[in-house]
Amino acid sequence: MDHPITAAQECRGPGQVPAVSLRHGAGIIVIDKPRGPSSHQVAAWVGKMLGCQVGHAGTLDPQVSGILLVMLGNAVRLAPLLLKHDKEYVCLMRLHKEVDRERIDAVAAEFTGRIYQRPPRRSAVKRLLRIRTVQQLDILGIEGKLVLMKVRCDAGTYIRSLCHHMGLALGTGAHMQELRRTRSGAFDEGAMHTLHELQDACYAAEAGNRAALDTMVVSVDAAVPDLPAVIVRDTAIDALCHGAVLAGVGMISCDEFRKDQIVAVLSQKREFVGLGKALAPSASWKPGRPGLLVATTTVFMAPGTYPKGWKKACTPEKSAKS
C-alpha cells in the first residue's frame, strides 16, 4: 500500500498555535488517519494546526485508516528511511465463494515469504513487477466469505494485490474490503493520536498548557532506533553541522557497522546530531587513529548548538600578509 511519496509544504492559517518546540527543529507525530481524506490532506491539516512545515511517509489510500507518520520541520529529511519501514496491517478480505478454513490456511502459508507483485492499475507508481517479503500472514477469523487477517510485510507491499492473488490461488476470486495499518517500523497503534486529540492539544497549548502537545511530538531519533550509533566528541559536532566528514579522532565510541551502512551520529549526551554513511567498517576504527570514517548525509542539529572546535585553514594570501 505504500507509495514512495511525501508531501512537504508550509501551512499557515488563522487560529493555529505557535510552532511546536521541536528538538533541533524536527519531530514526528503518529496520526491515526481516518477513512475518507487522503494522506496529503491529513498532513496538511496537521501542518495548519501547528504552523510548521510537514511531510508524510507511507501513503495510505483515502479509504484506508491507521498509522500515518507526519514529519514536522526538518524531520522531512527522514522520509527516505521512514519509507523503508516494515509495515503491519489488519485486512478484511471478501472471498467470492465460501471456502473451508484448511484451504485458506494453506494458501496463507503459500503467500508467506518472498512474493511477486505488480502495483494495481489505480496506483500512483509505475506498474513494474517487484519482489516483496511477507514476514507473517495470520488468519484471525473467518465468517462466511469474510476473512480477517493480519499481515506483516516489506514496505511497498500492496495488500489489495495480495487479496486478489490469494483469491486466484483459492479458485474463488477475492478482493480487499477494508484495511487498517497497525504498525510502521517502531511505531504501533499505542503511539497514535487522532486529529481531534491533536486539535484539543493545540487549543490547550494556545491557552498556555503545552504538556499534551509536547508529549505527542516524537524526537527524530525515535524513528531510527535500529541504526548503529556513533558517539562523537563535543568539539566535532559543530563541524559536522556544517557538513564536515567525521574523522576517527572525533569519535568516542560506536556500535558495529559495515562500510556504506547508514549510522546515527549522537553527542556524548545522546543528542541526535544527524545521519551519516560509513566510509569504512567499525572494525577499522581505534581510539585516536586518524582517517575519515563517516560522511554526514542529513544533519538535524542546528549549527552553533555546540561551540566551534575547528579552525579554517590559513589561505596563502593571509600567510603572505602576516
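Derivation of every value follows stated rules applied to the coordinates shown; laboratory data play no part. This is a predicted model, so every value here is computed, not measured. Don't worry about glycine lacking a Cβ; one is built from the backbone with ideal geometry, like all the others, and counts go over all protein chains shown.
Of Ser219, Ser161, how do they rank once you tally other Cβ atoms within 10 Å and put the fewest first?
Numbers: Ser219 16, Ser161 19.
So the residues, fewest neighbours to most, are Ser219, Ser161.
If each residue of separation counts as 0.36 nm, what is the full-extension length gain between Ile139 and Leu292 once their alpha-carbon separation is subtracted?
On the way: separation 153, 0.36 × 153 = 55.08 nm, distance 5.04 nm.
The span from Ile139 to Leu292 would gain 50.0 nm if fully extended.
Pull up all non-local amide H partners of Ile252: gap of 5 or more, or a different chain, and H-to-H distance under 5 Å with H placed in the peptide plane.
Ile231, Val232, Arg233
Once P(r) over Cα pairs in 20 Å bins from 0, in percent is worked out from the coordinates, which option in (i) 24, 43, 28, 5; (ii) 33, 58, 10, 0; (iii) 28, 47, 22, 3, 0 does it equal?
Structure-derived value, by its label: (iii).
Classify the stretch 227-299 as rounded, prolate or oblate, taking a ≥ b ≥ c as the square roots of the eigenvalues of its Cα gyration tensor: rounded when a/c is under 1.5, otherwise prolate if a/b is larger than b/c and oblate if not. Mind showing how you got there, number by number?
Numbers: a/c = 1.33, a/b = 1.18, b/c = 1.13.
It comes out rounded by the Cα gyration axes.
Relative contact order for the stretch 187-318: what is it in percent, counting Cα pairs under 8 Å that are at least 6 residues apart? Could the numbers behind the result be given before it?
Numbers: 222 pairs, mean separation 31.6, N = 132.
Result for the stretch 187-318 is 24 percent.
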